[in-house]
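**Q** Okay, here's the structure, questions in a sec.
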DNA sequence: TCTGGGGTCCTAGGACCC
DNA sequence: TCTGGGGTCCTAGGACCC
């Protein structure tokens, strides 16, 4: 048996933690650049605000209805997520636990007697609510897909905190096929055309035919809906790729502005890469114009670069990235986005030696020392306390975040204040 | 005016080999 | 006129997830 613990309207719930005045009020959290709605409290959902709605389209609706709007504050959400996950880790064996996303975790409960499962989940949920203040929903089922589905039913249909779908499979007939984990827009369109409308319809399909006509992923979904566990928990694995790319606050046309932004993304990626003890062996730089402005010339391009010597040194990667950018930069384009990513990495400890090129050990050690100093300083004194000059200082290209809440839990200066009367 | 970011996995098709 | 067959590996692109 699996349980899926999912935080309710996670980002919106985080914003409410330190703003109890917002309980029972509509709350919306916007994506980067204050672009789209990416989290809504139940009250905001009830107003008809959809996931991904562009802010400028719902702005007046929000104003009329007194919706509280926040720019996204990932520092806060990351920290709260960590607290929620710590409680789950304390309560359940780490080998039977998968932190699936910032607000979800799967538990493999097969070692727990079936009659205790419901109580265990109910108690765990209560503990998270009491200790962190984040409401969660728990779905229970024989497979991960069924646990996901049970979670959906708990949240959207029954509006109860914990639901075990085992023995209640008739629910499948009431669930649209696109609400199944792994069935997205394209697949559900195709399935619908073939008369497969509900989760039940999908579960009835012949797995071999599904494998042939669709793909192995959908076949697995069919099997999982029938209670056959074929996905299982994912082990923790270091990331295979790390990207950083953000839309500009306003469109940019100058190379130097793109270079500054790119440099800051390189720094971000390098930091993450060093955290997981990896080194880059293939990188990518890409640029995009604004696809919503068809009146302007459209352009997008990307360049990949393989490194002879894998590295995690921000200085080396910044200079390579800038060279790559120069190759694909075109004059006269209004750029909306530039991005940097590491596509292939090697483990720092098990690095392949190169037959033809020798590594200068002195330089390598020096580089390691400098990188760990940078990481140390930034960890202690805050992000970007030290950075390359290439990132620039005024950063006028940076994204909008005009409605951001304080870093309540991660910055001494932004701690919530409590006044005694 | 304004439209997110960061991932994973699979598949088809091309290049190459014998 | 007519031009094999079977395999591997790599890559780009698509679909999906939160």
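**Q** Compute the FRET efficiency between residue A:56 and residue A:185 as 1/(1 + (r/R0)^6), taking r as their Cβ-Cβ distance and R0 = 25 Å, and round to the nearest 0.05. Could the numbers behind the result be given before it?
**A** Working: r = 24 Å, r/R0 = 0.94.
Approximately 0.60, to the nearest 0.05.
**Q** Sticking with this structure for a sec: When the helix-only estimate is applied to chain A (DSSP H runs of n ≥ 4, each -39,500 (n - 2.57), divided by the residue count), what is the mean residue ellipticity at 222 nm, nearest 500 deg cm²/dmol? Show your work: numbers first, answer last.
**A** On the way: 13 runs with 157 residues, N = 421.
Calculated mean residue ellipticity at 222 nm is -11500 deg cm²/dmol.
**Q** May I pose another question? Multiply the residue gap between residue A:306 and residue A:421 by 0.36 nm, knock off their C-alpha separation, and tell me the result in nm, one decimal place. Could you put the intermediate results ahead of the total?
**A** Working: separation 115, 0.36 × 115 = 41.40 nm, distance 6.31 nm.
The residue A:306-residue A:421 span can extend by a further 35.1 nm.
**Q** Considering Cα pairs under 8 angstrom that are at least six residues apart, work out the relative contact order of chain A and quote it in whole percent. Don't jump to the answer; show the numbers that get you there.
**A** On the way: 688 pairs, mean separation 68.2, N = 421.
In percent, rounded to a whole number, it is 16.
**Q** Something else: Using a/c under 1.5 as the rounded threshold, could you call segment A:7-76 rounded, prolate or oblate? The axes a ≥ b ≥ c are square roots of the C-alpha gyration tensor eigenvalues, and prolate needs a/b larger than b/c, oblate otherwise.
**A** On the way: a/c = 1.63, a/b = 1.16, b/c = 1.40.
Oblate is the answer for segment A:7-76, as a/c is 1.5 or above yet b/c matches or exceeds a/b.
**Q** Contour minus end-to-end for residue A:334 and residue A:413, with contour as 0.36 nm per residue of separation and end-to-end as the Cα-Cα distance? Numbers along the way, then the final one.
**A** Values: separation 79, 0.36 × 79 = 28.44 nm, distance 3.81 nm.
That works out to 24.6 nm of additional length.
**Q** Can I ask one more? Over segment A:292-415, what is the relative contact order in whole percent, taking alpha-carbon pairs under 8 Å and six or more residues apart?
**A** Values: 37 pairs, mean separation 25.2, N = 124.
20 percent.
**Q** Evaluate E = 1/(1 + (r/R0)^6) for residue A:208 and residue A:174, where r is the Cβ-Cβ distance and R0 equals 41 Å; express this FRET efficiency to the nearest 0.05. Mind dumping the intermediate values first?
**A** Values: r = 27 Å, r/R0 = 0.67.
Given R0 = 41 Å and the Cβ-Cβ separation, E is 0.90.
**Q** Right, next: Need one number: nm distance between label points at residue A:396 and residue A:366, each 7 Å from Cα along Cα→Cβ, rounded to one decimal.
**A** The modelled label-to-label distance comes out at 3.7 nm.
**Q** How do A:98, A:361 line up, fewest other C-beta atoms within 10 Å first?
**A** Lowest count first: A:361, A:98.
**Q** So what's the angle, to the nearest 10 degrees on a 0 to 90 scale, between helix A:216-225 and the longest Cα principal axis of chain A?
**A** The helix A:216-225 is inclined about 30 degrees to chain A.
**Q** What angle, in degrees between 0 and 90 and rounded to the nearest 10, separates the Cα long axis of helix A:55-64 from the longest principal axis of the Cα atoms of chain A?
**A** 60
**Q** Further question on the same structure: Taking chain A as a Gaussian network, where each spring joins two C-alpha atoms under 10 Å apart, which residue of A:112, A:258, A:403 fluctuates the most?
**A** Result for chain A, Cα springs under 10 Å: A:112 fluctuates most.
**Q** For segment A:83-225, what is the Kirkwood hydrodynamic radius in Å, using each pair of distinct C-alpha atoms?
**A** Values: mean 1/r = 0.0618 Å⁻¹.
Kirkwood radius, segment A:83-225: 16.2 Å.
**Q** Please report the relative contact order for segment A:83-225, taking Cα pairs under 8 Å with a sequence separation of at least 6, and give it as a percent rounded to a whole number.
**A** This gives 15 percent for segment A:83-225.
**Q** Pick from A:206, A:42, A:93: which is most flexible by mean-square fluctuation in a GNM of chain A where alpha carbon atoms under 10 Å apart are linked?
**A** A:206
**Q** Rounded to the nearest 5, what % of DSSP beta bridges with both residues in segment A:7-76 are antiparallel?
**A** Numbers: 4 of 8 bridges.
Counting only bridges with both partners in segment A:7-76, antiparallel ones make up about 50 percent.
**Q** Using a Gaussian network model on chain A with a 10 Å cutoff between Cα atoms, which of A:237, A:37, A:401 fluctuates the most?
**A** A:237
**Q** Let's test the formula: R0 of 35 Å, r as the Cβ-Cβ distance of residue A:233 and residue A:375. What FRET efficiency results, to the nearest 0.05? Walk me through the numbers on the way to the answer.
**A** Values: r = 31 Å, r/R0 = 0.87.
It comes to 0.70.
**Q** At 0.692 mPa s and 37 °C, plugging the Kirkwood radius over alpha-carbon pairs of chain A into Stokes-Einstein gives what diffusion coefficient in µm²/s?
**A** Estimated diffusion coefficient is 134 µm²/s.
**Q** Quick check on chain A: of the DSSP beta bridges with both residues there, what percent are antiparallel, nearest 5%?
**A** Details: 46 of 53 bridges.
Here the antiparallel bridges make up roughly 85 percent for chain A.
Just so you know, all these numbers are worked out from the coordinates, no wet-lab data involved. Since this is a predicted model, take the numbers as computed values, not measurements. Virtual Cβ from ideal backbone geometry, glycine too; neighbours counted across all protein chains shown.
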